[in-house]
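Below is one structure; the comments refer to it alone.
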Number of protein chains: 2
Amino acid sequence: MSNRTAENIFDTLVDGIVAGRMTPGEPLVEQALAEQFGVSRTPVREALHRLEQANLAERGARRAFVVRKMAPEDLAELFEAAGEVESALAALAANRMSEIERRRLEAILGEGDACNDPQSYGDINARFHGTIQSGARNGILAATLDELNLRTLAWRAANFHEDSSRLASSRAEHRAIAQAIFAQDGEATRRLMRSHVASSYIIVADILAKRAP
Amino acid sequence: MSNRTAENIFDTLVDGIVAGRMTPGEPLVEQALAEQFGVSRTPVREALHRLEQANLAERGARRAFVVRKMAPEDLAELFEAAGEVESALAALAANRMSEIERRRLEAILGEGDACNDPQSYGDINARFHGTIQSGARNGILAATLDELNLRTLAWRAANFHEDSSRLASSRAEHRAIAQAIFAQDGEATRRLMRSHVASSYIIVADILAKRAP
DNA sequence: TATCTTGCATATGTATACATGTTCTTTCAA
DNA sequence: TTGAAAGAACATGTATACATATGCAAGATA
């Protein structure tokens, strides 16, 4: 079965990493992956290079690729960077979102209040952030955030399950952000979004610290 | 001579694009480049894929790669994105730069005042921004800015030569930014840096508008 | 026993041939 | 003259063989 193309293989590997099925340090050998996917080394090779560029893979022994390990300092930088970019997007969105988009955001808030299942709350959370992201009217900055989030996702999936107390505070933070957006107060929106991202960082870092002290 | 490796070829092509020797829309054909560099298609291919990922190349007719053309709206988004990221870095730097770094920044300011040659002022300008960038203590966010700047550079090089009036206002803006950093006023630094990047955008956009109205 | 050297195992880097897909051109018919 | 269909041309996608580099292990030598 060689219906898999380079793009396809890349997506599969990304998914495996962000879903936590492939653990940091795990080797990514061209030949082995080629046999596994039923293709030659060439498309696998291309996929691995893209992984490296996306900072999801790095070089290990014998120049081999391995799933990237991140130091705790890298994690802090990563969340700080994502927080800065997403809060910038939110500040822009506060001044640029259409009336329709604002109403959609309000609706998403309502869905979040009515939802207690962590799984589907994750979905609602993604739609909340996605609505703000597209409301900023800057595709390049949005793509930049996507890149960064790909990397935070790898951590979240491996280490983080939303608990109910986090769910409650997430709701409150979302509402505060939305209110700042409705008031078209860019700077308040920026500040609130930054601290929202920071609090999700604290949880991930906390779980990590407890796990490997 | 085939001392050139994939990395080398990538760098050469990037340089050619940002320096304006390769114009937007120019085809990048694997076979032709391979012969030109004296290597096979394989390393050229890899370089082209990296160019595409860096948004410096895109697909043209017959799936061929061409040097990326940017619409004016893209340019606006790009500078806005770069402005947000760099101003975030500057805000962080205002609170994190060491005493030594602050003195270095002051020295660079002095060099800028003493310099009237646009060429070497470009150098000083790069060192000013580089000092702030590294003073922010966030390598990931700094790398993000580098990526964006690679793309703005392609425009600047093709369309922009600093004139002396711009040089004077650039000096004044740098001094204002530095003073906000010395005062450890993150928010003022952010605001000033954002408007500094925006004014360089205005110049590029202006020249562009006069060129192809 | 410690260390340096040599050789091999392993994984990526490159070259080349062939496969695939897309566009342009030519040709034939209405 | 126009339109559609077929095929040639061109460019990338993939497979495979060979080249190169790197780390590890074994053995020789001080």
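For the options A:101, A:58, A:73, a Gaussian network treatment of chain A with springs between C-alpha atoms closer than 10 Å singles out A:73 as fluctuating the most. Each Cα pair under 8 Å and six or more residues apart adds its separation to the average, and for segment B:6-67 the resulting relative contact order is 43 percent.
Ranking B:12, B:54, B:44 by how far each Cα lies toward the positive end of the dipole of segment B:1-81 (charges on Cβ) leaves B:44 at the top. Using a probe of 1.4 angstrom and keeping all protein chains present, the accessible surface of chain B works out to 49 square angstrom per residue.
Rounded, prolate or oblate: which fits segment A:41-103, taking a ≥ b ≥ c as square roots of the Cα gyration tensor eigenvalues, rounded meaning a/c under 1.5, else prolate when a/b beats b/c? Oblate shape, in that a/c is at least 1.5 and b/c is the bigger or equal ratio. In a reduced charge model with +1 at each Lys and Arg Cβ and -1 at each Asp and Glu Cβ, the protein assembly as shown shows a dipole moment near 400 debye about its Cα centre. Pairs of Cα atoms in segment B:6-67 fall into 10 Å distance bins, from 0 up to the last occupied one, in shares of 25, 62, 13 percent. Amide H contacts for residue A:57 (H built 1.01 Å from N in the peptide plane; partners 5 or more residues away or on another chain; cut-off under 5 Å): A:52, A:68. What is the protein assembly as shown by shape, rounded, prolate or oblate, if you read a ≥ b ≥ c off the alpha carbon gyration tensor as root eigenvalues and call it rounded for a/c under 1.5, prolate for a/b larger than b/c, and oblate otherwise? Oblate. Spatially, segment B:188-213 and segment A:130-207 are offset by 29 Å when compared through their Cα centroids.
For chain B, modelled as a GNM whose springs connect Cα atoms under 10 angstrom apart, the maximal fluctuation among B:35, B:84, B:26 occurs at B:35. Pairing chains B and A buries close to 2200 square angstrom of accessible surface in total, based on protein heavy atoms and a 1.4 angstrom probe.
Think of it as helices only: each DSSP H run of n ≥ 4 in chain A is worth -39500 (n - 2.57), and spread over all residues that comes to -25000 deg cm²/dmol at 222 nm. Taking the longest Cα principal axis of chain B as reference, the axis of helix B:41-53 is set at about 40 degrees. Which of these, B:100, B:17, B:181, has the largest mean-square fluctuation under a Gaussian network model of chain B (Cα springs below 10 Å)? Comparing B:100, B:17, B:181 in a Gaussian network model of chain B, the most mobile one is B:100. Is the C-alpha gyration tensor of segment A:83-144 telling us rounded, prolate or oblate? Criteria: a/c under 1.5 is rounded; beyond that, a/b larger than b/c is prolate, otherwise oblate. Cα axes put segment A:83-144 in the oblate bin.
Note that segment B:73-90 has calculated 3J(HN,Hα) couplings of 5, 4, 4, 4, 4, 4, 5, 4, 4, 4, x, 5, 5, 5, 6, 5, 4, 5 Hz, one per residue in order, obtained from phi through the Karplus relation 6.51 cos²θ - 1.76 cosθ + 1.60 (θ = phi - 60°); glycine and proline are x. Just the protein heavy atoms count here, and of the accessible area of segment A:72-211 at 1.4 Å, carbon and sulfur take up 54 percent. Annotation: segment A:14-149 has a Kirkwood hydrodynamic radius of 17.5 angstrom, from the mean reciprocal C-alpha pair distance. Mean per-residue shielding of peptide A:71-84 is 4, counting Cβ atoms of other chains within 10 Å of each Cβ. Taking amide H positions as modeled 1.01 Å from N, with prolines and chain starts lacking one, the residues under 5 Å from residue B:28 and 5 or more places away or on another chain are B:65, B:66, B:67. Taking a straight Cα-Cα cut-off under 23 Å and skipping sequence neighbours fewer than 8 places away in the same chain, the lysines within cross-link reach of residue B:210 are B:69.
Remark: C-alpha extents of segment A:72-211 on the principal axes read 45, 33, 21 Å, sorted largest to smallest. Cα axis of helix A:164-182 to longest principal axis of chain A: angle in degrees, 0 to 90, nearest 10? Roughly 60 degrees, rounded to the nearest 10. Inter-copy label distances at residue A:207, shortest first and taken from points set 7 Å along Cα to Cβ: 5.0 nm.
The values are calculated or read from the model by the stated rules, or taken from the named source; none is laboratory data. Owing to the predicted nature of the structure, the values given are computational and were not obtained by experimental measurement. Virtual Cβ from ideal backbone geometry, glycine too; neighbours counted across all protein chains shown. The accessibility values were calculated without ligands, DNA or RNA, using every heavy atom of the protein model including side chains. Shrake-Rupley method; radii C 1.70, N 1.55, O 1.52, S 1.80 Å.
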